[in-house]
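Please treat every number below as a calculation from the coordinates, not as lab data. If you're wondering where the values come from, they're calculated on a predicted model, not measured in any experiment. No Cβ is skipped: glycine too gets one built from the backbone with ideal geometry, and neighbour counts run over all protein chains shown.
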Amino acid sequence: MPSTREVERVKNAPGSRRAELLALAAKLFAERGYVSTTVRDIADAAGILSGSLYHHFDSKESMADEILSGFLDELFGAYAEIVGERRGPRETLEAVVIASFDSIHRRPAEVAIYQNEAKHLMQLPRFAYLTDRNAEFRKLWNGILTDGVETGVFREDLDVELVYRFIRDTVWVAVRWYNPDGALSARDVAEQYLGILLDGIATKTPAPKTAAPNTVAAKTAVTTTAAAKSPIAKNTAAKTPAAKTAVPKNTAAKTAVPKNTVAKTAVPKSRGRRG
């Protein structure tokens with residue numbers, strides 16, 4: 001015998017009136033909040049009377065239940081298929097992230113309700129399964145990260161719980177800014193995100209290259225070094241004899257002095273003694 005949830009899934013098949021009403025309710029819950037949206041708001045959006053809405057659903061709570069349970073069953077079904085393929089840790093992480101962004105693309109209202117209203121709805125007995133889904137979600141992501149660390153695919157110093165929380169929050173918060181009609185598809189956004197997550201945003205610094213010595217400078221250095229070590233070449237400038245400047249002969253200095261003939265004047269001989 002099919003379960004109540006399976007019966008509801010058949011009733012909510014795409015194109016059915018119930019599916020249309022649930023889509024309207026999901027849009028209003030996402031935009032206005034679950035608490036602020038009334039049954040009359042949903043009926044007005046559908047163009048029917050409030051009483052007619054009760055023909056399909058017994059309460060606003062039951063509508064929110066069907067919206068969230070259907071969304072989570074689909075999401076975790078996609079996760080289970082990926083894990084069942086037994087890919088490596090990195091490939092599994094990539095596939096799960098892509099599946100999450102695909103869900104944001106196709107069911108943005110349901111993702112927004114889960115993000116914004118789960119904490120409040122968990123307090124209601126009807127939504128106890130949300131606590132179980134959160135635990136399942138955490139186990140899935142932590143398992144992928146732990147496998148990656150143990151196999152050396154991810155860094156061994158990772159704090160798995162911290163990384164899980166980072167991925168969870170940064171992936172699902174994208175529903176607040178992602179535009180299904182924007183320039184980037186869900187796949188494009190997922191791949192950009194994975195590039196940041198797995199490879200970082202800083203440019204990879206290449207290993208420093210040893211600069212090739214300037215040939216001329218190197219040769220000059222070698223020559224200079226050799227010259228410095230050579231006993232002959234040391235301080236050649238200091239030991240090079242200064243060029244001898246030719247001093248012109250001072251002809252005036254060597255002018256012959258004429259013999260002084262006067263200095264040798266002969267004294268006349270005495271001719272006789274006078275008495």
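Points to keep in mind about this one:
- Charged neighbours of SER185, selected by a Cβ distance under 15 Å, balance to -2 (K, R count +1; D, E count -1).
- Ranking HIS120, LEU162, VAL175 by Cα position along the charge dipole of the range 85-177, where only Lys, Arg, Asp and Glu carry charges on their C-beta atoms, puts HIS120 farthest toward the positive end.
- Intensity falloff of the range 1-153 expressed as log10 I(q)/I(0), Debye formula with alpha-carbon point scatterers, at q = 0.10, 0.12, 0.17, 0.18 Å⁻¹: -0.42, -0.58, -1.01, -1.10
- Spatially proximal aspartates and glutamates relative to LYS60 (Cα-Cα < 13 Å; intrachain offsets below 8 disregarded): ASP41
- P(r) weight above 12 Å for the range 123-166, C-alpha pairs, percent: 63
- Cα extents of the range 87-134 along the three principal axes, largest first (Å): 38, 21, 12
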